[in-house]
Structure formats: C-alpha cells, structure tokens
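The structure appears right after this line, and notes come after that.
Here, each number is a calculation from the coordinates, and none is a lab measurement. Owing to the predicted nature of the structure, the values given are computational and were not obtained by experimental measurement. Neighbour counts run over all protein chains shown; Cβ positions are idealised from the backbone, glycine included.
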Amino acid sequence: MRAMLKKHDGSSLVSLLVIFGNVILLTGLNTPAALANGLKLGEICRLKGQEVNTLQGVGLVVGLRGTGDPDSAPTARALAQMMKNMGAPMGMDPTGAINLRDVEEARNVAMVFVTARVPAVGAQAGDLLDVSVNAIGAKSLEGGTLMLTPMLGPRADNKTVYAMARGPLNISLDGPVTTATIQGGAKMEATVKASYHLNGKITLVLDRDFASFDTAQIIEEEINTVSQGFFRDASSLGNAAGQTRARAIDQVHVEVLIPELYQENPIKFIAFLLSIPIRLSNHSNRVVINEREGVVVIGKDVEIAPVLVTHRNLRIEAGIGSGLVPISEKDDDVSNAKLKSLADALNALDVPTEDLIAIIKTLKRKGDLYGEVVFQ
C-alpha cells in the first residue's frame, strides 16, 4: 500500500509522521491479545428484572421568598387540605367544601413534582434515597422546604406508598432555581425487590452497544459450551446431558435455564454465568464518528479503493501506482489502501477533524470505503 502527497505548487514531497493533534484517532483496539482474553459476560449485559425504577409524587414546598404560585387553584386546594389534615381550623363554604380564600394568597408555597430513583439492586424499608424536586409554576425554589410527600410507583393504578419524602431543598449553583435536590430525602416505607429469575429461568439483557444477533448467538454458544465443564454430573441436573441451557431470543435477550441443582439457590450459578469470558466478533472494519466531540475511531481493517483526494492545496493519492511515496512500512500486493493510513496522512498535515469526517463521508457515499460507518 502506498500513497502520494504533493503540493499543487510542485514543491518537494512532504515526509509523513503519525501525529495525534487535531484528530483523536483510535485504531487497533481489537488486538489478538484482547480478543483472546475477552470480556466477562457480566460486563456486556445485565439480568432482566434488575433495572432502575422511579418513584414519583406531587408535593408542596413552603418557606419560599414570595416566589411561589399563589394564583394556582390546585396549589391552594392541596395546601388547604394539608392544613385541615394537620388539624388547622379551616373555613367551609355553604356546600361544605373547604374555603380556599384563606390560602389563595399564599405566595411562599409552590406545588412541585418529586421523584426518586430506586437502584437496580432494589431497596429495603428504611433505606434513604436522594430526591429530585421540580417546580410546576413557581419562579424559584430557593430557600424552600418540601413538606411530607407520599411517593408512588410509576404505574398510576398502583396506589402503594413506597416512600415518604421531605426536607430542605438544595439548589445547584450552576443549575436552574426551579430544580432542587434533597440528599437522602426519601425514606423507603416498603421493600422493592429486584427480581432476577422467573419460572426457573433468567434472562440476560445485552447492553445497547453490544446488542446484535451475532453477539446473542455467541453468548448462547459460549454458555452452552462452558457450562458443560462446570457441571461434571449432568444427570444430577434433572436434564439430559447436552441439553441446551441458553437460548438467544433476539439480538438483545438470551434466556438461560437455571439447573435443577441450583433452583433453590441460583446465586452460585449466576455468579459463574456472569464471569464467563465472551469473545466478541471483531469490529475492526468499522468506523465510529462522534462529530460533536470531534472523535474518529477507525478499525485497522477498514480499506478504501485507490482514490485521489484533493484538499485545498494538498493532493493525496492512496493505492499503488508509479511514483508514490509509501505511508506505511508494509508493502502489500493489493491495491486497496487502509483508511487508517489516509487518516494518518491527513492528520500529519494538520487537516482539521471536520475535514477528515467530510472526506470519510464522501468516500462512503461514493462507495470507495469498504466498511461500516457509525455516527453517534
């Protein structure tokens, strides 16, 4: 593989050096050593049922500095009802409903949305969770305190109170004054368990960056192969020797049967399962581009057809031809050049990142780039 770089003014050839300046260029990540070791299964997937859950509620913040929402009828009704429940004397109208005139001018009160996140491992009664508070109509929550607020689950039809939230609000110095937090502000009143198995099976959920039909099939085969050596006496499992224990459902889910020996205590089996090394497919023919961050990741096997690239006052030719200057020590007998070498040449000449990305787009659109291009 060779390339030629000449200036239009006919000056001498430019010697090439690999310089990592304007472009963040990562290549050769899938080395043989890395592929041999592989990633552990637990590093590329999680167990279904172990997800982050959200608790939510609607509460009142008091103690504001005149920045509440006094013109809001829902806020007035909620405040009046709360005061009545706490034993405060409230006026009644002729229909027997609470008279809102006593509270409708309260400018130091605001209605807010309150949320808390239950971690993927679940939460026990008595645990404290951080709380996020967001104003509905108030101009600012600075100086406010959240009154005791019941926290429900994400489903509207489930009225179970999982936690109670309260406490003084903390406003971020660089954030909006209508958003606040309370560290440890929600106390769990009920236990939220993170279920990880159902009907003698567990389901592995692949991370988005690894999800594919190919990867799911690799995981199925690896589990079924390795688990044969983990269980020396296959008959003790209640299953015929060689029976499939893992089955790929789609590109995201892999279903695994828990052996009968560990049905009552599946932790040991799951710990073994998640420690299995997985050899993923080599993606060295892939280019990943993050235009916003200015990052270009080029696999070592991405090739381009013999092309001539003209960039401003530069002329770059990739491929084999007479009078070409090598940009790689390796002299292959094929006419296709490596995209990595072209990127090195452009980078050595201080070609901006956006120009490199534009050239890659053009090569791909023209059909002269032999590989996958992924934009993030």
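Quick look at the values:
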{"quantity": "Highest to lowest packing among 351-358, 169-176, scored as the average C-beta count within 10 Å", "calculated": "351-358, 169-176"}
{"quantity": "Entries of Lys139/Lys187; Lys40/Lys193; Lys300/Lys361; Lys84/Lys139; Lys40/Lys338 with Cα pairs more than 21 Å apart", "calculated": "Lys139/Lys187; Lys40/Lys193; Lys84/Lys139; Lys40/Lys338"}
{"quantity": "Calculated from backbone phi, Karplus (6.51, -1.76, 1.60) coupling profile of region 64-71 in Hz, x at Gly/Pro", "calculated": "6, 9, x, 10, x, 10, x, 8"}
{"quantity": "Difference of contour (0.36 nm per residue) and Cα-Cα distance, Arg46 to Ala271", "calculated": "79.8 nm"}
{"quantity": "Volume per residue of the C-alpha convex hull in region 248-307, rounded to whole Å³", "calculated": "170"}
{"quantity": "Residues of region 140-167 with amide N under 12 Å of a point placed 7 Å along Cα→Cβ from Met86", "calculated": "145-149, 167"}
